[in-house]
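Student: I'd like to ask some things about the structure below.
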Amino acid sequence: ARERFAHLLTEMDNWVRESERKQLLQGLGGWCAYTYQSKLINQYKGNIQGFLEAGLRLWMAEAHYDEATGTIRVSDRFTTCSCPLVKEGTTPPSFCDCTLGWQDAAYSPILGRPVKAELKESILRGDKRCTFEIRVI
């Protein structure tokens, strides 16, 4: 199934305009974050420090929040992609747009303000880990 999904993503890269593909994948990531809403996200609404502390216990290697600039920087601790849909070496790096949707959909309700995530490092793009910068907009 992961190979088929990777092939679907490759076909999307070939046939769907980049802007539309990004929207589709970010929408998928937002839906994925929604599935974590009741067991993770909702309990940290208004408590970004609590969320980051939980993240450091469970999946983050680093987490920094600069309230003055409205910037959060987090790095995953895993050295392989944590998404169960990914087959490394087969899944195209464009799939990372999905995780940007996850970040946006997770951090916006926690902060109570819209955010925009940016991928700084990505395992699928050849880096050793995934790192994100999330900015309040």
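The values are calculated or read from the model by the stated rules, or taken from the named source; none is laboratory data. Predicted model only: the values in this text are computed from it and were never measured. Quick reminder, even Gly has a Cβ in these numbers, built from the backbone with ideal geometry, and neighbours come from all protein chains shown. Just the protein is used for accessible areas: all its heavy atoms, side chains included, with ligands, DNA and RNA removed. Shrake-Rupley method; radii C 1.70, N 1.55, O 1.52, S 1.80 Å.
Student: Being at pLDDT below 95, open to solvent by 70 Å² or more (accessible area, probe 1.4 Å) and not hydroxyl-bearing (S, T, Y) narrows it down to one residue among R2, R57, R17, R73; which is it?
Tutor: R2
Student: Considering only helices (runs of 4 or more DSSP H) fully contained in region 18-137, which possess at least 3 residues that are touching a helix residue (DSSP H, G or I) at 6+ places or on another chain (Cβ under 7 Å) and more than 29 Å from R2 (Cα to Cα)?
Tutor: So the answer is 48-58, 96-111.
Student: Moving to a separate point now. Among (1) surrounded by fewer than 19 Cβ atoms within 10 Å (Cβ to Cβ); (2) more than 14 Å from the chain's Cα centre (by Cα), there is one condition I110 misses while meeting the rest; what is its number?
Tutor: (1)
Student: Next up: Which of (1) surrounded by fewer than 16 Cβ atoms within 10 Å (Cβ to Cβ); (2) modelled with pLDDT of 95 or more does F78 not meet, given it meets every other one?
Tutor: Every condition holds for F78 apart from (2).
Student: Six or more apart or on different chains, Cβ under 7 Å: which pairs go from a residue in region 53-74 that's in contact (Cβ under 8 Å) with a residue 12 or more places away in the chain and basic (K, R) to one that's part of a strand (DSSP E or B) and open to solvent by 70 Å² or more (accessible area, probe 1.4 Å)? Could you list them?
Tutor: Every condition considered, the pairs that remain are R73/H64.
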